[in-house]
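The values are calculated or read from the model by the stated rules, or taken from the named source; none is laboratory data. Note that the structure is predicted; figures quoted are calculated from it, not measured. For neighbour counting, all protein chains shown are included, and Cβ atoms are generated from backbone atoms with ideal geometry for every residue, glycine included. Areas reflect the complete protein model, heavy atoms only, side chains present, ligands, DNA and RNA absent. Shrake-Rupley method; radii C 1.70, N 1.55, O 1.52, S 1.80 Å.
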Amino acid sequence: MSGCEVDCPVCGAEARARLTVTAREAAANFVSISEDCDRHEQLVEHIENLWGSTFAQLMECEDCGFGFSNPFVSGDPEFYRLAYVRSAYPTARWEFDHTLDCLGGRLSSVRSVLEIGAGDGVFLDLLRPQLGSDVEIHATEFYQGGLCKLREKGYFAHSGDFRCLPEVAERTFDLIFMFQVLEHLNDVTQVFEQLRKMLRPGGEVFVAVPNKRRTTFNEENHSLIDMPPNHVGRWEPRTFDRLAERTGFDLVSHRFQDCSVRQFVKTDIYYSHCRRAQEPGSLAGWLRSIERGGLRKAAIISEMLLFAPTRLAVWRRAANRNDLGGALWAQMRRAG
């Protein structure tokens, strides 16, 4: 499989396969067979139908650095129904604060904003006090619970893909925000062409995605694989730069989230446990089959602590890196 070559969806250059995953491995990342066998098998079948294959490859462009799944197919509503039994919205994100700091006091001329994939409106709640009372605040969200919360707060909330919503796609905005959404989308050139149409001249889009460098480090060190068809795109600063050139944007700024060694270790203990739990016959997998409750939680914590010393070399390698924060943030301005 490693010899497979396809064209990069961002820049058209040659991309090579760096990893192959099966639909069964992908399904196990979301629903363990030991926890819910029936749901797991349904998810395996659905992923195979999405891919038209029993496997997918994780590709990397040698030019712009874009990582993407092949086939480059996003998860559909049925995938997310099967993959996620519970959904929770973040109460805080690093990119929220960094975006607000970047905007500073230059919001007086703003008349309309849009957040794509707004959850239940945490970022908009932080932004609204800095906007004028007559500013239109729009949001898109798939999940009904989030939509209800957004509407209760007085935002213009729309359900579905922003590209297919006339009430959004045919408007123009001063600012568009898209946090932890872009990695779920295929047709990325079309995404940014549509964003450009929706921005006034000089308007800006603020994006945050998972840090590809952190994802790659995890995968190379026996931690979680960032499985498609949930996340299908992986971004580098030069990826944003190349896409900006092609779609009529200027890349104004980018930044990686800072990462402390302490936070990395805490996350790695859990992620490496989850990776072990996906291995057939593993202790971690067996423990996760226990009925939810105090005994299960205590047993899982004990397993994580038991294996923690085996991760020391990984933590030392991570301590020598300064680019392993959880997110990559980018600010792009409509050119022309």
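Scan the stretch 223-269 for residues that are open to solvent by less than 50 Å² (accessible area, probe 1.4 Å), over 16 Å from Thr189 (Cβ atoms) and assigned to a helix (DSSP H, G or I) and the total you get is 6. Scanning the stretch 114-157 for residues that are assigned to a strand (DSSP E or B) and open to solvent by 20 Å² or more (accessible area, probe 1.4 Å) returns Glu136, Phe156. Within the stretch 205-217, can one find any residue that is closer than 30 Å to Ser32 by Cβ, open to solvent by 20 Å² or more (accessible area, probe 1.4 Å) and among the aliphatic types (A, V, I, L, M)? No, the stretch 205-217 has no match at all. Only residues that are open to solvent by less than 30 Å² (accessible area, probe 1.4 Å) and either part of a loop (DSSP other than H, G, I, E, B) or polar (S, T, N, Q) (or both) were counted across the stretch 17-34, and they come to 2. Taking the criterion of being under 19 Å from Phe79 (Cα atoms), without any contact (Cβ under 8 Å) to a residue 60 or more places away in the chain and of a type outside the set (Gly, Ala, Ser), the residues of the stretch 9-32 that qualify are Thr22, Arg24, Val31. Scanning the stretch 35-71 for residues that are part of a strand (DSSP E or B), over 19 Å from Leu243 (Cβ atoms) and open to solvent by 30 Å² or more (accessible area, probe 1.4 Å) yields one hit, Phe55. In a residue-by-residue description of the stretch 161-180, the property of being out of contact with any helix residue (DSSP H, G or I) (no Cβ under 9 Å at 6 or more places or on another chain), open to solvent by less than 10 Å² (accessible area, probe 1.4 Å) and outside any strand (DSSP E or B) applies to no position. Evaluation of Glu183 against the conditions (1) at pLDDT 95 or above; (2) touching a Leu at 6+ places or on another chain (Cβ under 9 Å) shows that the sole unmet condition is (2).
The C-beta contact set for the stretch 35-59 (first residue under 27 Å from Trp286 (Cα atoms), second residue β-branched (Val, Ile, Thr) and open to solvent by 60 Å² or more (accessible area, probe 1.4 Å), distance under 6 angstrom, 6+ apart or interchain) comprises His40/Ile33; Glu48/Thr54. Listed by first and then second residue, the pairs linking a residue in the stretch 64-79 that is basic (Lys, Arg) to a residue that is open to solvent by 10 Å² or more (accessible area, probe 1.4 Å), with Cβ atoms under 9 Å apart and 6 or more places separating them unless they lie on different chains, form an empty list.
Quick one: would you say Ser74 is among the small types (Gly, Ala, Ser), in a loop (DSSP other than H, G, I, E, B) and open to solvent by 40 Å² or more (accessible area, probe 1.4 Å)? No, not satisfied. For the stretch 187-222, the candidate set comprises residues that are outside any strand (DSSP E or B) and at positive phi; within that set, the residue that is modelled with the highest pLDDT is His222.
Checked against (1) touching a Leu at 6+ places or on another chain (Cβ under 8 Å); (2) open to solvent by 50 Å² or more (accessible area, probe 1.4 Å), Glu14 passes all but a single condition, namely (1).
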